[in-house]
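Report on the structure given below.
The values are calculated or read from the model by the stated rules, or taken from the named source; none is laboratory data. Bear in mind that the values here come from a model prediction, so they are computed numbers and not experimental data. Virtual Cβ from ideal backbone geometry, glycine too; neighbours counted across all protein chains shown.
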Amino acid sequence: MSRLFPCLLLLLTLGACAEDAAEGPTPASPADVPEGHPCPEQALPAGFASLYEEQILSGTPVPLAMLPPLDVGVSTTVTQGNQMEPTHQGPHAYAWDFSAPVGTSVHASAPGIVVWVRDDSSEHGEDASFAAKANWIVIDHGAGIYTAYTHLETNSARVVIGQGVDAGAHLADTGLTGQMTGPHLHFHVENTWSESLPARFIDSETADGCGRQLERGDELERGAGIRELLVGPEELSSLPRGAFSEAGITQVEGLPARIFRRSESYAFRGQAASGRTAVALMIFPDGGGDVLHGVSVPVIDGAFEGTLDLSSVAPGQYGWAMVATSGEAPSSSHAIWLTVIDD
């Protein structure tokens, strides 16, 4: 299920508003990895955030040690695996559907920080128009790696945005929301752009490694150990440097990816493609529409810098994007899901 905003054209008149792309992640330090961890080389987040584009193309799993997203002792079957019809294709290819009756508890597959919660929908159906009606939770595991848990029961969320959670934490319960033919849990690992990422599960609770690939028809059950050994991120993922490379911004630094705090001002800087004269940052409703808040900064000798102040933006859920322009009104057809919090 894509978290992008296809087919939106967002035009911004900034005067009316309140005012390296291909590089992979660096290895993390091995310090503080608990003894007995099933895959120590994947225990800690990498040094900086990535989009994991090479892994998407090659199918190589990203470095995340994760458990099945259900409770201890709950048996489940994979009803739809990776790269399968009808819905696990394209940017949604690396996903799993797990059999789960309505009301089954959903649990964090790895430690992290909650960056998105939606549980106010009660609509579902088989038509694609219901895709946007799903309830879901997203957890940040550091270095631009997230897990998403979809088709959750209305008002069942037990976590809030910004909350840290341990592996195995009860997040919500399964329900009938979104595009579906019957009750199940949709689960995937994703990057900042909500593109699904190849990943593997911990083989068993006997620490046999982290390389289990689940296929359709596989049965599994989460055991009682291991989760205490899994290590979470100390801070939220930053925006990958090349996140907006297709929008003419070759590199950007200084911005978070999924959570912005109203109490903070964000000083950002970066490089723009040749011929670009300005960079616009836009925030708009999470369902698309007119820009609610924005800032525009000039590009001088290929470089730009500016400050984003969100004190006038109400706490809530939005989309955001950046684009480098050559004099035309800035627009964007895709966005990153964003939550503004007040703390």
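When residues of the range 185-221 are filtered for being modelled with pLDDT under 90 and of a type in the set (Ser, Thr, Tyr), how many remain?
The number of residues fulfilling the criteria is 2.
Being over 19 Å from SER196 (Cα atoms) and either modelled with pLDDT under 90 or among the charged types (D, E, K, R) (or both) narrows it down to one residue among GLY90, GLY81, GLY24, GLY15; which is it?
Going through GLY90, GLY81, GLY24, GLY15 in turn, just one is over 19 Å from SER196 (Cα atoms) and either modelled with pLDDT under 90 or among the charged types (D, E, K, R) (or both): GLY15.
Could you check the range 64-94 and list, in sequence order, the residues that are part of a loop (DSSP other than H, G, I, E, B), of a type in the set (A, V, I, L, M) and buried (at least 20 other Cβ atoms within 10 Å of the Cβ)?
If the condition is that a residue be part of a loop (DSSP other than H, G, I, E, B), of a type in the set (A, V, I, L, M) and buried (at least 20 other Cβ atoms within 10 Å of the Cβ), then LEU64, ALA65, MET66, LEU67 are the ones that fit.
Here is a list: THR154, THR192, THR181, THR174. Which entry is polar (S, T, N, Q), more than 27 Å from ALA321 (Cβ to Cβ) and buried (at least 21 other Cβ atoms within 10 Å of the Cβ)? Spell out the reasoning first.
Working: THR154 fails: buried (at least 21 other Cβ atoms within 10 Å of the Cβ); THR192 fails: more than 27 Å from ALA321 (Cβ to Cβ); THR181 fails: buried (at least 21 other Cβ atoms within 10 Å of the Cβ).
Exactly one residue qualifies, and that residue is THR174.
Against the definition (in the same structural domain as MET66 (by TED's automatic domain parsing) and at pLDDT below 95), how does GLY182 come out, yes or no?
The answer is yes for GLY182.
Of the numbered conditions (1) modelled with pLDDT under 95; (2) crowded, with 20+ Cβ neighbours inside 10 Å, GLY144 fails exactly one; give the number of that condition.
(1)
Condition test on GLY270, is it assigned to a strand (DSSP E or B) and touching a strand residue (DSSP E or B) at 6+ places or on another chain (Cβ under 9 Å)?
Taking the combined requirement at face value, the residue satisfies it.
For the range 260-290, which positions are over 18 Å from PRO315 (Cβ atoms) and not small (Gly, Ala, Ser)?
Correct list: PHE268, ARG269, GLN271, ARG276, THR277, VAL279, LEU281, MET282, ASP290.
Show me the strands (runs of 3 or more DSSP E) found entirely inside the range 95-166 where at least 3 residues are among the hydroxyl-bearing types (Ser, Thr, Tyr) and either within 16 Å of the chain's Cα centre (by Cα) or assigned by TED's automatic domain parsing to the domain that holds THR177 (or both).
Counting at least 3 such residues, we get 146-150.
Checking the conditions here, which among SER332, SER263 is surrounded by 20 or more Cβ atoms within 10 Å (Cβ to Cβ), of a type in the set (Ser, Thr, Tyr) and more than 17 Å from the chain's Cα centre (by Cα)?
On the way: SER263 fails: surrounded by 20 or more Cβ atoms within 10 Å (Cβ to Cβ).
The unique qualifying residue is SER332.
Given the structure, is THR60 assigned to a loop (DSSP other than H, G, I, E, B), at pLDDT below 85, out of contact with any strand residue (DSSP E or B) (no Cβ under 9 Å at 6 or more places or on another chain) and β-branched (Val, Ile, Thr)? Write out each step before concluding.
Working: assigned to a loop (DSSP other than H, G, I, E, B): yes; at pLDDT below 85: no; out of contact with any strand residue (DSSP E or B) (no Cβ under 9 Å at 6 or more places or on another chain): yes; β-branched (Val, Ile, Thr): yes.
Here the answer is no, as THR60 does not meet what is asked.
Residues to consider are THR192, THR181; find the one that is in a loop (DSSP other than H, G, I, E, B) and within 14 Å of the chain's Cα centre (by Cα).
Numbers: THR181 fails: within 14 Å of the chain's Cα centre (by Cα).
THR192 is the lone residue from the list that is in a loop (DSSP other than H, G, I, E, B) and within 14 Å of the chain's Cα centre (by Cα).
Across the range 29-55, what is the total count of residues that are in contact with a helix residue (DSSP H, G or I) (Cβ under 9 Å, 6 or more places away or on another chain) and either at pLDDT below 80 or not in a loop (DSSP other than H, G, I, E, B) (or both)?
Residues flagged as in contact with a helix residue (DSSP H, G or I) (Cβ under 9 Å, 6 or more places away or on another chain) and either at pLDDT below 80 or not in a loop (DSSP other than H, G, I, E, B) (or both) within the range 29-55 amount to 1.
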